[in-house]
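Data first, discussion second: the structure below is written as structure tokens.
The values are calculated or read from the model by the stated rules, or taken from the named source; none is laboratory data. None of these values were measured; they are calculated from a predicted model. Here the Cβ positions follow ideal geometry from the backbone for every residue, glycine too, while neighbour counts run over all protein chains shown. Heads up: the accessible areas ignore ligands, DNA and RNA and are worked out on the full protein's heavy atoms, side chains in. Shrake-Rupley method; radii C 1.70, N 1.55, O 1.52, S 1.80 Å.
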Amino acid sequence: MGLAAEYFDDGSSFVSIEPLSINPDSLTDFSLFERYPPKKGRYRFRCLLVDSLSIDKHRLMELLGKRKSVFIHKKEAKKYKAYIRENLEFILNHEAIDPKQKTDTLVGAFPFSRLYRWHWIVHVCHLLQAVPTPCFIK
């Protein structure tokens, strides 16, 4: 059973992701949702793309570039983490993504112990030529 095109939810069933981390060449395994302001404690989540192949890549990047965040359903979190692993180069080389957001995206995709997570953050910061600070740790 697939996901619905629209949900009314308290937000606990969705995860916010960085829109610029989406590689239009690889967007086939999970759905992206936009969130509307809450009414009576419930948000409206509407699917942005029913069919990712129905939109031109440049138009998709333009659409995603205008957003602060997009959301995925928690049912598809594993698919998103696999997507992150497969698209590391795209994310790391994307100049429009803030280094802290890149780190948050990558660290969130790899569940590590706290100690190993710090080593991973230092490594990613080195790749991004950023300085690791406490703000990188969730």
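Here are some residues: L3, L60. Which one is within 19 Å of I91 (Cβ to Cβ) and not in a strand (DSSP E or B)? Spell out how you get there, then give the answer.
Values: L3 fails: within 19 Å of I91 (Cβ to Cβ).
Only one candidate qualifies: L60.
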Query raised in the report: Considering only the range 6-25, how many residues are outside any strand (DSSP E or B) and either basic (K, R) or open to solvent by 40 Å² or more (accessible area, probe 1.4 Å) (or both)?
Result: 3
Query raised in the report: Across the range 29-67, what is the total count of residues that are open to solvent by 50 Å² or more (accessible area, probe 1.4 Å), closer than 16 Å to F14 by Cα and without any contact (Cβ under 8 Å) to a residue 40 or more places away in the chain?
Result: 8
Report summary line: For the range 68-97, pairs from a residue that is without any contact (Cβ under 8 Å) to a residue 40 or more places away in the chain and open to solvent by less than 40 Å² (accessible area, probe 1.4 Å) to a residue that is part of a helix (DSSP H, G or I) and among the β-branched types (V, I, T), with Cβ under 9 Å and 6 or more apart or across chains, are none
Query raised in the report: Do you know which residues across the range 66-95 are over 17 Å from L106 (Cβ atoms) and of a type in the set (F, W, Y)?
Result: F71
Query - In the range 1-30, the residues that are over 11 Å from the mean Cα position of the chain (by Cα) and hydroxyl-bearing (S, T, Y) - result: Y7, S12, S13, S26, T28
